[in-house]
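Below: the structure, in structure tokens.
Any read-out appearing in this document is the output of simple, stated calculations on the displayed coordinates, not a laboratory observation. Bear in mind that the values here come from a model prediction, so they are computed numbers and not experimental data. Virtual Cβ from ideal backbone geometry, glycine too; neighbours counted across all protein chains shown.
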Amino acid sequence: MTNQFSITIPAHYNIYNGSTQRDLRIDFCVPENGVNANTGLVILAPGFGGHIDSNVYKKMRDIFTERYNLVTIQCDYFGSKFMQMYNRILIDPKALSQYYTPEEIGIINQDGSALLNLLSRKNNIKFSVRANLDETLHEFNDMSYMQAIDIITALEAVKIILNENNLEFNSNRVIGYGHSHGAYLLHLSNILASHLFSFIIDNSAWVEPKYLVLNRIVYQRTGTSTLCVEFDYLARKLIRNKRDLSLYALYNTNVSNNAQILTYQGNQDVLIDHTEKEKIICSLKDAKFILVSENDIDNELLNL
């Protein structure tokens, strides 16, 4: 069994409103038999739909620690709670009256959860609603700097803990693994703190955060009908100079890339132009781009 820890530390101040009243939760695992001079560090960065309490990430933290002699780290980064499924929705009364009877509308008004059940009885309807996000300047899904700062902070905090307890680790074996938006955040972290990573595994990072310019749509199938939930993020209105957040712009700064980068990218990813992504990655030193097609899929599940 790995040694599992969960800590909460004062976080970096909020760059959008100056608030210092932030905390950062960090979970990390240490090998059961302790660390040594070969023990590396890896921080896991989930994308949309993933979070620090996701079962798959709990398993990854636990299994990777022993299997690969790593201290595995994850944090509950800024605004990640707004990147999950919806908790509450806003329904347009006109759309409701178009598809539902007055009796059904009365039931939905009393219990919003009845919407899906009643929708499942309809034939081939796409019903659109909006997620009620309740984002504020205090915390929102900024998809950029604050999230990357939290990732950097988590990694540096665990390094401090190890050093202060005189625990050895390999400072040349510091790895970032991210999926989708999480992988993008590792690239951004790599630019903000170019000393940090020795290796980055990029699983399908987008070239730039698409939901800064387009609304996120989550589709939920029920019967023969579909509930379409639209997420209109506050960052789309607040973040300026969005083009500066593209991988192309980030890696064309004067900051040098000191990490080895391994990128896996699907050829049918609708959010990413894989040809553009390949050009960016292949322009970097010590970087490799691997395009994944349907011919590379073995249809076997990986059981962690």
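Restricting the search to the stretch 246-271, which residues are in contact with a helix residue (DSSP H, G or I) (Cβ under 7 Å, 6 or more places away or on another chain), touching a residue at least 24 places away in the same chain (Cβ under 8 Å) and either of a type in the set (Lys, Arg) or under 20 Å from residue 200 (Cα atoms) (or both)? I'd like the intermediate steps shown before the answer.
Step one: of the stretch 246-271, the residues in contact with a helix residue (DSSP H, G or I) (Cβ under 7 Å, 6 or more places away or on another chain) are 247-251, 253, 255, 257, 259, 261, 263, 265, 267, 271.
When the remaining residues are screened for being touching a residue at least 24 places away in the same chain (Cβ under 8 Å), the result is 247-248, 250-251, 253, 255, 257, 259, 261, 263, 265, 267, 271.
247, 248, 250, 251, 253, 255, 257, 259, 261, 263, 265 - these are the residues of the stretch 246-271 that are in contact with a helix residue (DSSP H, G or I) (Cβ under 7 Å, 6 or more places away or on another chain), touching a residue at least 24 places away in the same chain (Cβ under 8 Å) and either of a type in the set (Lys, Arg) or under 20 Å from residue 200 (Cα atoms) (or both).
I'm checking my understanding of the structure. Among residues of the stretch 261-293 that are out of contact with any Lys or Arg (no Cβ under 8 Å at 6 or more places or on another chain) and part of a strand (DSSP E or B), which one is nearest to residue 216 (Cα to Cα)?
Checking each candidate, the answer is 266.
Can you find a residue in the stretch 175-182 that is out of contact with any Gly (no Cβ under 6 Å at 6 or more places or on another chain), polar (S, T, N, Q) and touching a residue at least 60 places away in the same chain (Cβ under 8 Å)?
No, there is no match, as no residue in the stretch 175-182 is out of contact with any Gly (no Cβ under 6 Å at 6 or more places or on another chain), polar (S, T, N, Q) and touching a residue at least 60 places away in the same chain (Cβ under 8 Å).
Any chance the stretch 35-53 includes a residue that's of a type in the set (Ser, Thr, Tyr), buried (at least 19 other Cβ atoms within 10 Å of the Cβ) and free of Cβ contacts under 8 Å to residues at least 40 places away in the same chain?
Here is the first cut: in the stretch 35-53, the residues of a type in the set (Ser, Thr, Tyr) are 39.
Among the residues that remain, those that are also buried (at least 19 other Cβ atoms within 10 Å of the Cβ) are: 39.
Keeping just the survivors that are free of Cβ contacts under 8 Å to residues at least 40 places away in the same chain gives none.
Within the stretch 35-53 (the criterion being of a type in the set (Ser, Thr, Tyr), buried (at least 19 other Cβ atoms within 10 Å of the Cβ) and free of Cβ contacts under 8 Å to residues at least 40 places away in the same chain), the answer is no, since none of the residues qualifies.
Could you list, in sequence order, all residues of the stretch 223-245 that are assigned to a loop (DSSP other than H, G, I, E, B) and touching a strand residue (DSSP E or B) at 6+ places or on another chain (Cβ under 9 Å)? Spell out how you get there, then give the answer.
Keep residues of the stretch 223-245 that are assigned to a loop (DSSP other than H, G, I, E, B), which gives 223-224, 232-234, 239-241.
232, 233, 234 - these are the residues of the stretch 223-245 that are assigned to a loop (DSSP other than H, G, I, E, B) and touching a strand residue (DSSP E or B) at 6+ places or on another chain (Cβ under 9 Å).
Which of the residues belonging to the stretch 61-88 are part of a helix (DSSP H, G or I) and within 20 Å of residue 187 (Cβ to Cβ)? Before the answer, list the steps.
First, the residues of the stretch 61-88 that are part of a helix (DSSP H, G or I): 61-67, 80-83.
Scanning the stretch 61-88 gives 80, 83.
Which condition from (1) assigned to a loop (DSSP other than H, G, I, E, B); (2) loosely packed, with under 14 Cβ neighbours inside 10 Å; (3) among the hydrophobic types (A, V, I, L, M, F, W, C); (4) in contact with a strand residue (DSSP E or B) (Cβ under 9 Å, 6 or more places away or on another chain) is the one that residue 214 breaks?
The number of the failed condition is (4).
Taking the conditions exactly as written (surrounded by fewer than 17 Cβ atoms within 10 Å (Cβ to Cβ) and either in a loop (DSSP other than H, G, I, E, B) or aromatic (Phe, Trp, Tyr) (or both)), does residue 248 satisfy them or not? Don't jump to the end; show me each part of the working.
Values: surrounded by fewer than 17 Cβ atoms within 10 Å (Cβ to Cβ): yes; either in a loop (DSSP other than H, G, I, E, B) or aromatic (Phe, Trp, Tyr) (or both): yes.
In short, yes.
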